[in-house]
Amino acid sequence: MKAIQVSEPGNISVVEVEEPELAGSNEVKIRMRAMGICGSDMHILHGENPFASYPRIIGHEVAGEVMEVGDSVSRVGVGDKVVVEPMTSCGTCYACRQGRPNVCVNVEVYGVHREGGGREIMSIPDHLVHKVDDRLDWSEIALIEPFTIGAQSVYRGDVKEDDMVFIIGAGPIGLCCLKVAKEAGAKVAISDFNEERLAFAEKWGADFTVNPGEGSVVNQVLDWTEGMGANVVIDAVGLPQTVEQAIEVTSVAARVVLLGFHSSPSQIPQVDITKKELTICGSRLQTDRFPKVVELFNTLKFDVKDLVSHEFSINDTEKAFKLMESPPSSVRKVIIKL
Ligand SMILES: [Zn+2]
Ligand SMILES: [Zn+2]
């Protein structure tokens, strides 16, 4: 069977690998159908993901159809459409005991630390498989994982009805945060240098858009909030200067959610944090977000299909990754049909 493999940094291709067997009675064998390409896949391809080892079958935003189940599996059955929750944890470390397996000291992500879902068939323990409504199409189901990342950020920011939320960056993850925050009843502003992305964000319900190229972001957000500042800021860009900006635009008692992995320090005066009693937190992967996001998608009213801007067949994998290499502004989410 075919699989999408990064053999070493800089080299991606479709390779022939052996079809997996059910490794236990709790396993589910899935005929994979769609895989979203994520920024983190590009990092693996470029050798910039410290967690990845090579060769690696990538793919963590994946959807498929159950083709076989082990004897003890009752959550899903043959023919079900499913999304994969691509994360495992040890169950015993401090984070796991706190119900936060996403920051387990031994966390492993499928498609990063271990073989992912970018292949024709995969076998995986049943607790990592979530059944979805039959009427969702494959590309749509592959969007569920990035939406769990957005949902985690909104949860970490404790976004409430009528909160004024400012999201930095209107790439796929920023857009997922936008949609979930709107669903929670918040008012949302979003920033990006790219006007095409901002126009799309408006279409998706953004109440206010900010182009940092057109003047001070802080002033624009303060104007929008009539001087109050944003109650929640989600930084989906993660540069040292966006973190500084995130803290500067907050209201009193605000929450700041950081998603970036940048290792350079930001310069932040502590008085800004103390005076307003800010809560600053990170958001990584997700905890228990899959059932909630699946439920949202299953309503069929949560229509986010237009996040997908391009679809490729598995045979055109290299073309798809080439497009992602220097994506024109029309590129949002690229899906590979498996
Ligand atoms: Zn992703
Ligand atoms: Zn753990």
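No value in this document is a laboratory result; all are computed from the given coordinates. Small disclaimer: the values here were computed from a predicted structure and weren't measured. Using ideal geometry, Cβ is built from the backbone for each residue, glycine included, and neighbour counts are taken over all protein chains shown.
Worth a mention:
- Extension gain (nm, one decimal) between residue 261 and residue 318, 0.36 nm per residue minus Cα-Cα: 17.9 nm
- Selected from 74, 123, 40 as most flexible by GNM, with the chain as the system and alpha-carbon contacts under 10 Å: 74
- Note on the chain: with a GNM built from Cα contacts shorter than 10 Å, the maximum mean-square fluctuation among 248, 18, 277 falls on 18.
- Descending by average beta-carbon neighbour count within 10 Å, the peptides 167-176, 206-215, 103-112 line up as 167-176, 103-112, 206-215, the highest first.
- Residues whose amide H falls under 5 Å from that of residue 80, counting only those 5 or more places apart or on a different chain, are 66, with hydrogens built in the peptide plane.
- Since only 12, 298, 138 are under comparison, the one whose Cα sits farthest along the positive direction of the charge dipole of the chain, derived from C-beta charges on Lys, Arg, Asp and Glu, is 298.
- Each residue of segment 173-187 was assigned a 3J(HN,Hα) from its phi angle through the Karplus expression (A = 6.51, B = -1.76, C = 1.60, θ = phi - 60°), giving 5, x, 5, 5, 4, 4, 5, 6, 5, 5, 4, 7, x, 7, 9 Hz with x at Gly and Pro.
- Per-residue ellipticity at 222 nm computed for the chain from its helices equals -7500 deg cm²/dmol, with DSSP H segments shorter than 4 residues left out and the rest contributing -39,500 (n - 2.57).
- Here segment 83-145 and segment 296-334 have alpha carbon centers that stand 20 Å from each other.
- Computing Rg and the Kirkwood Rh from the Cα coordinates of the chain gives a ratio, Rg/Rh, of 0.97.
- Pairwise label distance in nanometres, residue 93 with residue 105, each label 7 Å out on the Cα-Cβ vector: 0.7 nm
- In this structure the amide hydrogen of residue 234, modeled in the peptide plane, comes within under 5 Å of the amide hydrogens of 166, 167, 168, 257, none closer than 5 places in sequence on its chain.
- Extension gain, residue 275 back to residue 67 (0.36 nm per residue minus Cα-Cα distance, nm): 69.2 nm
- Choice from 268, 190, 149 with maximal GNM fluctuation in the chain (Cα, 10 Å cutoff): 268
- Most tightly packed first, judged by the mean number of other beta-carbon atoms within 10 Å of their residues, the peptides 56-64, 156-164 read 56-64, 156-164.
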